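Novice: Here it is, the structure, as structure tokens.
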Amino acid sequence: MNPKKMVKISNTIGLIAVLALLYWFITSAAAEIFGLSIIQTVTQTFSSNISGIFTVLLGVLIVNVMFNFSRIADKISGDAGAAGKKTGIGIIVFICTLPLLIGGLFLGNSLSVKKAEKELITSADGMVRTYRAEIEQMSNYTFSRNWVANTASLLSLMTRLGHNDIAVIVEDEINESTVYLTFDELSGPNDRNEYERMDFVKRYSPEEREYFKKVFGDDHIEKYFASNKGAYQLFVPYENDDKKIILFFTDKKRI
């Protein structure tokens, strides 16, 4: 194989590797900036192969240097002009593909989130129908050791037999300030004789806290779905004998 052909092949391999890096950087930046969840797994997998791509680039560079030395004397203006023209066309094509790439990411992310929301709602509705008696027990909230232990036991059963992690959110007060307490399967008995409300105060976003306020204060009964970097959460209000709780379903452990 002559040096010119070897240089052409190495250039092609190098270009593919560089484009792969550029596309990965752009998609990763878009996922981070706009919170797109569809490519989280893809970018994580691709990241593990970055060192291999850099190795390929280094090898291509060495091959290019070696064979270009042998071609310097034979380089003519026509080759340079043709190469420059091809490079210009390649840059234009690359720039034109960026809007398509970003648009495809947003479309794919939207479809992925809609699918996840539908599946999570279907799963949650099924759990509410199946475990209505257990949920009614949990809705009879009193901050006591027995209620916490019993709720943790029921949630442990529901989590193991279902497809999602489940928690219960209730409204309470600490020092005359309204707080929202979260109980999950890990909220069971501990070495202490008494629980403290602060043990169950979790961090929620302003939007989630506003939703809690509507549910407990304004008789809001709509479900609330949220997506955050590949983690999907669903809040489901439940009322029994004027006592309200919120069932929290998620496909990732967050609480």
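The values are calculated or read from the model by the stated rules, or taken from the named source; none is laboratory data. Just so we're clear, the structure is a prediction, and the values are computed from it rather than from any experiment. Cβ coordinates were reconstructed from backbone atoms using ideal geometry, including for glycine residues, and neighbour counts include every protein chain displayed.
Novice: Determine if region 213-233 includes at least one residue that is over 26 Å from Ser112 (Cα atoms), at pLDDT 85 or above and in contact with a His (Cβ under 7 Å, 6 or more places away or on another chain).
Specialist: Yes, region 213-233 contains at least one residue that is over 26 Å from Ser112 (Cα atoms), at pLDDT 85 or above and in contact with a His (Cβ under 7 Å, 6 or more places away or on another chain).
Novice: Scan region 143-156 and give yes if some residue there is exposed (fewer than 14 other Cβ atoms within 10 Å of the Cβ), more than 23 Å from the chain's Cα centre (by Cα) and of a type in the set (A, V, I, L, M, F, W, C), otherwise no.
Specialist: No, there is no match, as no residue in region 143-156 is exposed (fewer than 14 other Cβ atoms within 10 Å of the Cβ), more than 23 Å from the chain's Cα centre (by Cα) and of a type in the set (A, V, I, L, M, F, W, C).
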